[in-house]
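The values are calculated or read from the model by the stated rules, or taken from the named source; none is laboratory data. It should be emphasised that the depicted structure is a prediction, and the values quoted were computed from it without experimental measurement. Positions of Cβ are generated from backbone atoms using ideal geometry, with glycine treated the same way; all protein chains shown enter the neighbour counts. SASA here: full protein model, heavy atoms, side chains in, ligands and nucleic acids out. Shrake-Rupley method; radii C 1.70, N 1.55, O 1.52, S 1.80 Å.
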Amino acid sequence: MSIRRNLVSLIAGALPIMAALFLWYAVCALKLAPASLLPSPVTVFTRLIALAGDTNFLTQAGITLFRLFVGFAIAVVLGVSIGILAAGSRAVATLMQPVVRVLAPVPKIALYPAFVLVLGFDHSSKIALVVADALFPILLATYQGAAAVEPKLVWSARAAGASPAKCLFTIVLTAALPSILTGARIGLIIACIVVFLAEMITSTDGLGQMLVRAARNFQTVDMFEPIITITLLGLLLNAAFNVLSARLLVGFAEQP
Amino acid sequence: MNGGTVLPLVGRPDRIQRVATNLIEIAAVSKVYDTSQRGRHVALSEISFDVAEGQFVSILGPSGCGKSTLLYIVGGFVDATSGSVRVSGAPVTGPGPDRGPVFQEFALFPWKTVLGNVMYGPLQQGLSRTQAATRARELLGLVHLTKYESFYPKELSGGMKQRVALARTLAYQPKILLMDEPFGALDALTRKHLQNELLEIWERDRKTVMFVTHSVEEAVFLSDRIFVMTNSPGRIRKVFDVALPRPRVRAELLVDRRYQEMVVAIEKLMDEQEPELS
Ligand SMILES: Nc1ncnc2c1ncn2[C@@H]1O[C@H](COP(=O)(O)OP(=O)(O)OP(=O)(O)O)[C@@H](O)[C@H]1O
Ligand SMILES: [Mg+2]
């Protein structure tokens, strides 16, 4: 029953995407745009399938994925730890609040040239940018989620004999999970965008750099491949995130 | 019959004698909340009373008179502004497994199953997982929830949740139960069932219980002693000793003149002081 409902909603959700693809196809078939500027989806996807066996392309995608993952993982670990500690200790909160207020609204992409100068052209500068951008939504969601945890949950655990620190890292952290995962999902989307951006701006490899190089050479078909790949990666990561969330949030009230 | 002396069971605060086996000693406890918008609010003013080991005491009073606050102070969850609370002779400085709370809102861990919730306390006490599971299953049997051990709290009714909460607290064997309107959110029938179950459980090991409630009948049915509080600032207004025989059976009590008279007397007292909500 639930499988059938999922299937129906999957098909329903795919309809607008199919419609957009069909529109794209129609525009090309009716020659409304020159094929040199807007290649047909058939051409684009045929090329993508060919690229799926191409070692160089897979390596570039792997590099992007690696940066995205490492950056996102660091952002999650940092954001969740700082957020939880700030919720548990007034001292940490007092210490962190001004820094976060100042740094959160800074457009991190403006820091990227500095990251490149300091960390070089390789992975580190891209990862640093991903961390800088994905960190704050995760940190703020964790802090707010942890601060909003029902005190009676903590009291129940304290009365049972758990120490304050243990309560913080077991009860408060777990009770704040719905909020933390919401922040992490936003962080993941931002990480997808930012890693690509960073590679477009200054990089010698990765999907973003492929796109820039293709554009410079007027290879319009090749321009589409990195975009579609990062979109598919985003979809895949989101699906994986959903599976993980569902497992972690078992028992919690249904998320809207 | 002789309507003038219907209160043979009533004591006065000044006549309460200190017994050697007092488990909880509350001495001149005051609580002032500093609120940014409304300034200082005196929630409790100079509350003093003792609870003997094995006694079941209830606290009655209008909404906002500080019943929960008092219970939280005894639990060590909230600090008193002045005064002291001693449990087994030692001053209360924080929560401890000798005092087990049961809240109106259940406060179960939503990510743990029924069994996981009840195992939590024993695990904190250092029992192994198998020992903790055995202990938890015993208690789930006691509250008639054996079949539901693998359910999550959100899959239970209110009455079942409160049974789990009670089992979770009993599982770490606190000396004292601190119950804050535990049955307040339940329908009348479930409430009566749980009152009976609570009394049955209490009859087994006679834990010391501090029980906050809005229901006069509930207080008289369950308690050895009832403290009636006044509103802002919260004070003890009157103490009633309930000398009804135990074990108590509801059907017998309902026709017992002493029960009826006590309920009426307390209701009257509480009617006199409608909460002034200004
Ligand atoms: N954290 C708080 N900050 C400020 N004021 C508070 C706080 N907690 C309680 N109060 C105030 O203290 C008073 C006593 O509150 P408390 O919750 O102890 O009352 P209560 O007797 O349990 O009421 P009820 O029967 O409605 O549960 C109330 O006037 C309330 O507004
Ligand atoms: Mg209350």
- Query: Can you spot a residue in region B:91-100 that is aliphatic (A, V, I, L, M) and within 11 Å of ligand 1 (Cβ to nearest atom)?
  - Reply: no
- List pairs: first in region A:102-129 and surrounded by 17 or more Cβ atoms within 10 Å (Cβ to Cβ), second in a loop (DSSP other than H, G, I, E, B), Cβ under 8 Å, 6+ apart or cross-chain? A:Y112/A:T202; A:V116/A:T202; A:S125/A:T202; A:K126/A:S203; A:K126/A:G206
- Query: Quick one: which of A:S179, A:S156 is small (G, A, S) and within 13 Å of chain B (Cβ to nearest Cβ)?
  - Reply: A:S156
- Query: Can you name the residue in region A:186-236 that is open to solvent by 50 Å² or more (accessible area, probe 1.4 Å) and under 21 Å from A:S124 (Cβ atoms) and is also modelled with the lowest pLDDT among such residues?
  - Reply: A:T204
- In this structure, is A:L173 assigned to a helix (DSSP H, G or I), within 12 Å of chain B (Cβ to nearest Cβ) and surrounded by 18 or more Cβ atoms within 10 Å (Cβ to Cβ)? yes
- Task: For region B:171-190, enumerate the residues that are away from chain A (no Cβ under 11 Å) and either within 16 Å of ligand 1 (Cβ to nearest atom) or closer than 21 Å to B:Q125 by Cβ (or both).
- Result: B:K175, B:M179, B:E181, B:P182, B:F183, B:G184, B:A185, B:L186
- All positions within region A:129-179 that are within 18 Å of B:V118 (Cβ to Cβ) and not hydrophobic (A, V, I, L, M, F, W, C): A:K152, A:S156, A:R158, A:G161, A:T170, A:T174
- Top-ranked residue of region B:93-121 - restricted to ones that are farther than 18 Å from B:S157 by Cβ and not in a loop (DSSP other than H, G, I, E, B), ranked as nearest to the other protein chains (Cβ to nearest Cβ): B:G121
- Query: What number of residues in region B:34-46 are within 17 Å of B:V74 (Cβ to Cβ) and near ligand 1 (Cβ under 8 Å from one of its atoms)?
  - Reply: 2
- Query: Of the residues that sit in region A:130-148 and are under 19 Å from B:F109 (Cβ atoms) and open to solvent by less than 20 Å² (accessible area, probe 1.4 Å), which one is farthest from the other protein chains (Cβ to nearest Cβ)?
  - Reply: A:T142
- Task: Go through (1) touching a helix residue (DSSP H, G or I) at 6+ places or on another chain (Cβ under 8 Å); (2) within 16 Å of ligand 2 (Cβ to nearest atom); (3) away from chain A (no Cβ under 14 Å); (4) over 26 Å from B:E197 (Cα atoms) and name the single condition B:S58 misses.
- Result: (4)
- Does region B:133-155 contain at least one residue that is over 23 Å from B:L194 (Cβ atoms) and of a type outside the set (A, V, I, L, M)? yes
- Message: Against the condition at positive phi, open to solvent by 10 Å² or more (accessible area, probe 1.4 Å), at the interface with chain A (Cβ under 9 Å from one of its Cβ atoms) and not charged (D, E, K, R), how does B:F77 come out, does it pass?
- Response: no
- Does region B:101-109 contain any residue that is at pLDDT 95 or above, among the aromatic types (F, W, Y) and open to solvent by less than 20 Å² (accessible area, probe 1.4 Å)? yes
- Message: Suppose we keep only residues that are hydroxyl-bearing (S, T, Y) and buried (at least 18 other Cβ atoms within 10 Å of the Cβ) within region B:149-192. Which one would you say is nearest to ligand 2 (Cβ to nearest atom)?
- Response: B:T169
- Pair list, Cβ under 7 Å, 6 or more apart: region B:52-70 residue within 13 Å of B:G184 (Cβ to Cβ) and open to solvent by 20 Å² or more (accessible area, probe 1.4 Å), other residue within 12 Å of ligand 2 (Cβ to nearest atom) and not polar (S, T, N, Q): B:S68/B:D180; B:S68/B:V212
- Message: Just checking, does region A:5-24 include any residue being among the small types (G, A, S) and surrounded by 12 or more Cβ atoms within 10 Å (Cβ to Cβ)?
- Response: no
- Message: Out of B:R257, B:R237, B:R204, I need the residue that is within 16 Å of B:P62 (Cβ to Cβ), surrounded by fewer than 21 Cβ atoms within 10 Å (Cβ to Cβ) and either free of Cβ contacts under 8 Å to residues at least 24 places away in the same chain or in contact with a strand residue (DSSP E or B) (Cβ under 6 Å, 6 or more places away or on another chain) (or both). Which one?
- Response: B:R237
